[in-house]
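The values are calculated or read from the model by the stated rules, or taken from the named source; none is laboratory data. Only a predicted model underlies this, so the values are computations on that prediction, with no experimental measurement involved. All Cβ positions, even for glycine, are placed from backbone atoms using ideal geometry, and neighbour counts span all protein chains on display. All accessible areas refer to the heavy atoms of the entire protein, side chains included, with ligands and DNA or RNA removed. Shrake-Rupley method; radii C 1.70, N 1.55, O 1.52, S 1.80 Å.
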Amino acid sequence: MATRRSAADKTPAGQLTEARLHDLIGYQLAQAAIATTAVYNREVFGPDGLRPVEYTLLTLIAENPEVSSARLAKALAVTKPNITMWVDRLEARKLLQRRPSPSDKRAVLLKLTAAGSRMASSATRRLLKGERDAMAVLSAAERALLIELLHKVARSRPQGPS
């Protein structure tokens, strides 16, 4: 049985009643992504020309130096050819470098260049500030809880091969 919704349960733009969509996590994530994508575009894509996947790769490599492309593909649930394409683009921009693994001749290890490290760090600082400003409707505790819950949802995905 549907519950009665308030005006706050309408879409932010267009003011459409969400009705049954309101209780769907996927729908609410998609709506929230609209807001966070605007922040990303303003703070990172505009100034640095980095697509979200490129920023994610730079940041994961910064946090996990000498990670393999295969591990990145698994972490992001994308194919190895897709990771290779993105790594090629970042390497062409001189933001990362490849080197063969000393222990596995098939593996290629990735490391950020100094420019890549600076870009990842700067982009993260701008994103954190931009998100805090844009999401000022959330208290610090609500923001921390939201991040914790979203991380928990993300970790519930199957861990098998991609």
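Taking residues in region 30-47 that are among the acidic types (Asp, Glu), and partners anywhere that are at pLDDT 95 or above and part of a helix (DSSP H, G or I), the pairs with Cβ atoms closer than 8 Å and at least 6 places apart or on different chains are Glu43/Ala123; Glu43/Arg126; Glu43/Leu127; Glu43/Lys129; Glu43/Gly130.
Answer yes or no: is there a residue in region 21-40 that is open to solvent by less than 30 Å² (accessible area, probe 1.4 Å), at pLDDT 95 or above and not β-branched (Val, Ile, Thr). Scanning region 21-40 turns up at least one residue that is open to solvent by less than 30 Å² (accessible area, probe 1.4 Å), at pLDDT 95 or above and not β-branched (Val, Ile, Thr). Consider Pro52 carefully, then state whether it is within 14 Å of the chain's Cα centre (by Cα), open to solvent by 70 Å² or more (accessible area, probe 1.4 Å), under 23 Å from Gln159 (Cα atoms) and not β-branched (Val, Ile, Thr). It is true that Pro52 is within 14 Å of the chain's Cα centre (by Cα), open to solvent by 70 Å² or more (accessible area, probe 1.4 Å), under 23 Å from Gln159 (Cα atoms) and not β-branched (Val, Ile, Thr). Among the criteria (1) modelled with pLDDT under 95; (2) farther than 26 Å from Lys129 by Cβ; (3) surrounded by fewer than 12 Cβ atoms within 10 Å (Cβ to Cβ), the one Pro12 does not fulfil is (2).
Counting only residues that are hydroxyl-bearing (Ser, Thr, Tyr) and over 23 Å from Gln159 (Cα atoms), region 78-102 holds 1 of them.
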